[in-house]
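The values are calculated or read from the model by the stated rules, or taken from the named source; none is laboratory data. Just so it is clear, the model here is predicted, and its values are computed rather than measured. We place every Cβ from the backbone using ideal geometry, glycine too, and count neighbours over all the protein chains shown. For the accessible areas, the whole protein counts, side chains as well, though only heavy atoms, and no ligand, DNA or RNA atoms are used. Shrake-Rupley method; radii C 1.70, N 1.55, O 1.52, S 1.80 Å.
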Amino acid sequence: MNAIPVPPAAVPLLGELLLERGAIRPADLERALELQRGVGGRIGSLLIRIGALSEDQLIDALSVQLGLPVAGRDLPLPTGLAEWRLPTGTEVPLDWMQDREILLWEDEDGQAWCASRDPLDAALQEALAYLWPQREIRAALAPAQLLERTLDTLAQEQRGGDAWGSDDVRHLRELAEEAPVVELVNSLLAQAVEQRASDIHLEPEENQFVVRFRIDGVLYSRLRLPRERFNAVASRLKLISGMDIAERRLPQDGRMSVRASGQAMDIRASALPGVHGESIVLRLLPKERKDLGLERLGMAPDHLRLLQGWSREAHGIVLVTGPTGSGKSTTLYATLAASNDGMKKIITVEDPVEFQLPGITQIQTQADIGLTFASVLRSILRQDPDVIMVGEIRDRETAEIAIQSALTGHLVLSTVHTNDALGAFTRLIDMGVEPFLVATPLKGVQAQRLVRRLCPHCARPAQVVDEALAAETAQWTARVFGAEAPAARWMEAVGCPRCQNTGYQGRIGIYELVPVDEAMQQAVVSGATHQQLRQMARERGFRFLREDGLLKAWQGVTTVDEVLRVTAV
């Protein structure tokens with residue numbers, strides 16, 4: 001095997017190179033060096049283990065430092081056992097490669113290659129030189145996931161295996177603590193954070209399991225591994241999130257705090273039994289949020305003024321509506337932050353507490369011991385609060401206590417699941433609340449969705465075919481911005497490496513806000529239909545979700561296609 005070139009003086013050490021690239025912080029490097037002095041090991045592996053770095057970042061840096069290609073990216077691999085050829089032409093020594101976690105093959109041009117995570121391993125170089133003394137074997141880098149996936153696929157083709165698929169609880173616990181599983185899970189978490197994923201989905205199928213990341217609201221497949229690996233990975237996730245490894249028949253929820261890719265994260269875990277095994281979903285929640293301000297929500301000036309006014313109300317109810325994952329909690333937290341002037345007692349009851357806010361008392365419900373929204377609300381009123389935030393109004397009892405709280409001098413913020421803002425009235429009435437109790441305390445209702453922002457690096461100007469749509473959006477732009485109305489800037493998504501070829505990077509909210517005045521209260525009490533309420537809102541000049549989205553497309557923040565996708569009727 002060729003000797004691996006020592007990095008020239010002009011190339012910095014790995015830690016320095018990672019610092020230059022902004023992949024790690026100086027504190028991360030110091031911690032890894034201290035750990036290295038205590039237990040030994042490569043600095044790159046230690047950085048991954050402490051959650052400061054993803055394996056992709058490490059491989060990229062090593063490729064630059066050592067001048068080596070990356071298998072699977074710069075260097076194609078044979079597609080199966082039938083195409084796998086050793087330099088000697090003998091049968092593939094699969095066990096030998098698995099023991100050393102390497103891939104050894106000969107390409108179509110007769111060049112021999114050895115891909116591994118650690119090409120600098122002296123023992124590996126000596127073994128290859130001994131086995132093939134007359135051959136030049138060139139080195140390549142390979143991520144652990146690629147090595148494991150390829151070796152497992154070859155093993156299945158050759159003889160199969162059941163060690164990873166064992167159902168023995170003690171064995172699963174042992175596997176969950178082994179280094180390969182720990183590093184695979186840590187690497188998945190680091191990759192998800194690095195790619196701005198909000199959720200990780202692990203979905204077992206008959207012969208494989210798929211890992212998908214939800215990025216900007218859309219799911220993307222990121223990894224496929226043999227089904228035999230799933231039990232060990234699932235056990236690792238259940239172990240660190242506080243779930244019962246032995247229980248695979250009932251749904252479970254858990255929570256963990258980790259450091260991944262240099263960020264401190266709270267992760268909510270959910271395991272749901274399926275035909276081929278448990279579907280596991282991880283919701284990633286950064287502990288530090290710098291965007292919890294009303295001005296950061298992306299609202300148009302008129303909507304921002306309305307919500308700021310609602311946050312200063314002395315009493316009443318403000319409802320935020322929308323489906324799961326539409327940013328309702330972020331809006332409520334921003335509203336709480338706006339109303340927290342240091343002179344108010346603010347209490348929240350949530351399931352779960354997603355972000356911890358200073359100066360606010362936050363309560364986590366626990367239904368298994370009877371600590372429900374309704375029971376907590378009764379106790380909250382004895383704490384003399386000024387502002388109460390209820391994570392979600394789910395039933396009649398919670399709704400009636402929230403309404404009574406608003407009628408007795410408290411500002412109540414909460415959410416309900418409806419398709420639009422005015423659907424909140426219908427939803428509460430369907431729960432069994434009297435219409436006059438629904439209408440009287442409500443100060444305003446808001447609906448929202450999240451649309452993907454265009455990638456600033458690759459978006460390009462576009463033509464809008466629908467002239468009526470453009471004319472209507474121009475009218476709304478003039479009405480909202482007045483003399484300062486921006487010119488039309490329609491854009492379209494393209495895709496580049498910085499946005500992972502999606503054309504989008506990040507998300508922004510689109511909103512509809514409807515203040516509840518006396519006339520609307522009377523309409524609700526008299527039994528007005530949902531359509532009649534929408535007509536009243538239209539006559540008062542309030543715009544709905546699609547129109548607010550098109551306003552942002554006009555400004556070049558997102559695309560018309562994205563707005564229509566999210567607000568499709």
Fill in the blank from the handout: Of all strands (runs of 3 or more DSSP E) fully inside the stretch 248-294, the set with 1 or more residues that are open to solvent by less than 50 Å² (accessible area, probe 1.4 Å) and in contact with a Phe, Trp or Tyr (Cβ under 8 Å, 6 or more places away or on another chain) is 277-286
Fill in the blank from the handout: Considering the stretch 317-330, residues that are polar (S, T, N, Q) and out of contact with any strand residue (DSSP E or B) (no Cβ under 7 Å at 6 or more places or on another chain), and then whichever is most open to solvent (accessible area, probe 1.4 Å), we arrive at 324
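This table checks each residue for (1) part of a loop (DSSP other than H, G, I, E, B); (2) over 19 Å from residue 121 (Cβ atoms).
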residue: 12; (1), (2): yes, yes
residue: 16; (1), (2): no, yes
residue: 24; (1), (2): yes, yes
residue: 31; (1), (2): no, yes
residue: 41; (1), (2): yes, no
residue: 52; (1), (2): yes, yes
residue: 78; (1), (2): yes, yes
Practice task
Run down 211, 193, 182 and say which single residue is touching a helix residue (DSSP H, G or I) at 6+ places or on another chain (Cβ under 8 Å), open to solvent by 10 Å² or more (accessible area, probe 1.4 Å), among the aliphatic types (A, V, I, L, M) and at negative phi.
Solution key: 182
Fill in the blank from the handout: Taking the stretch 127-141 and keeping residues of a type in the set (Gly, Ala, Ser) and buried (at least 18 other Cβ atoms within 10 Å of the Cβ) leaves 139, 140
Practice task
Kindly provide the set of residues from the stretch 481-513 that are over 30 Å from residue 222 (Cα atoms) and open to solvent by less than 20 Å² (accessible area, probe 1.4 Å), ordered by number.
Solution key: 511, 512, 513
Completion exercise
Taking the stretch 190-209 and keeping residues more than 23 Å from residue 247 (Cβ to Cβ) and either among the aliphatic types (A, V, I, L, M) or over 19 Å from the mean Cα position of the chain (by Cα) (or both) leaves 190, 192, 193, 197, 207, 208
Handout entry: Selection from the stretch 48-77 of residues that are within 30 Å of residue 258 (Cα to Cα) and of a type in the set (D, E, K, R)
Key = 49, 55, 56, 60, 73
Exercise for the section: Enumerate the pairs (first residue in the stretch 36-47 and of a type in the set (Gly, Ala, Ser); second residue anywhere and in a helix (DSSP H, G or I)) with beta-carbon separation below 7 Å, excluding pairs fewer than 6 apart on the same chain, so at least 6 apart or on different chains. Expected result: 44/14; 44/58; 44/62
Handout entry: Residue check, residue 223 without any contact (Cβ under 8 Å) to a residue 40 or more places away in the chain, under 23 Å from residue 23 (Cβ atoms) and open to solvent by less than 50 Å² (accessible area, probe 1.4 Å)
Key = no
Exercise for the section: Need at least 3 residues that are at pLDDT below 90 per element, so show me which helices (runs of 4 or more DSSP H) inside the stretch 462-569 make the cut, counting only ones lying wholly within it. Expected result: 467-481
Practice task
State the number of residues belonging to the stretch 463-506 that are of a type in the set (Val, Ile, Thr) and closer than 22 Å to residue 538 by Cα.
Solution key: 3
Handout entry: Count - residues of the stretch 14-35 that are more than 20 Å from residue 66 (Cα to Cα), crowded, with 16+ Cβ neighbours inside 10 Å and free of Cβ contacts under 8 Å to residues at least 24 places away in the same chain
Key = 3
Practice task
Might you let me know whether the stretch 533-549 holds any residue that is open to solvent by 50 Å² or more (accessible area, probe 1.4 Å) and within 30 Å of the chain's Cα centre (by Cα)?
Solution key: yes
Practice task
Among the residues of the stretch 372-398, write down those that are open to solvent by 60 Å² or more (accessible area, probe 1.4 Å) and not in a loop (DSSP other than H, G, I, E, B).
Solution key: 378, 381, 382, 383, 396, 397
Exercise for the section: Kindly provide the set of residues from the stretch 331-356 that are open to solvent by 20 Å² or more (accessible area, probe 1.4 Å) and out of contact with any strand residue (DSSP E or B) (no Cβ under 8 Å at 6 or more places or on another chain), ordered by number. Expected result: 337, 338, 341, 342, 343
Practice task
Being farther than 18 Å from residue 418 by Cβ, of a type outside the set (Asp, Glu) and out of contact with any Pro (no Cβ under 9 Å at 6 or more places or on another chain) is the filter here, so list the residues in the stretch 500-520 that pass it.
Solution key: 500, 501, 502, 503, 504, 506, 507, 508, 519
Exercise for the section: Go through the stretch 295-316 and give me each residue that's in contact with a His (Cβ under 9 Å, 6 or more places away or on another chain), open to solvent by less than 50 Å² (accessible area, probe 1.4 Å) and of a type outside the set (Gly, Ala, Ser). Expected result: 297
Exercise for the section: Would you be able to say whether some residue in the stretch 298-321 is within 30 Å of residue 45 (Cα to Cα) and in contact (Cβ under 8 Å) with a residue 40 or more places away in the chain? Expected result: no
Handout entry: Residue list for the stretch 429-459, restricted to those being over 27 Å from the mean Cα position of the chain (by Cα) and surrounded by fewer than 16 Cβ atoms within 10 Å (Cβ to Cβ)
Key = 430, 432, 434, 436
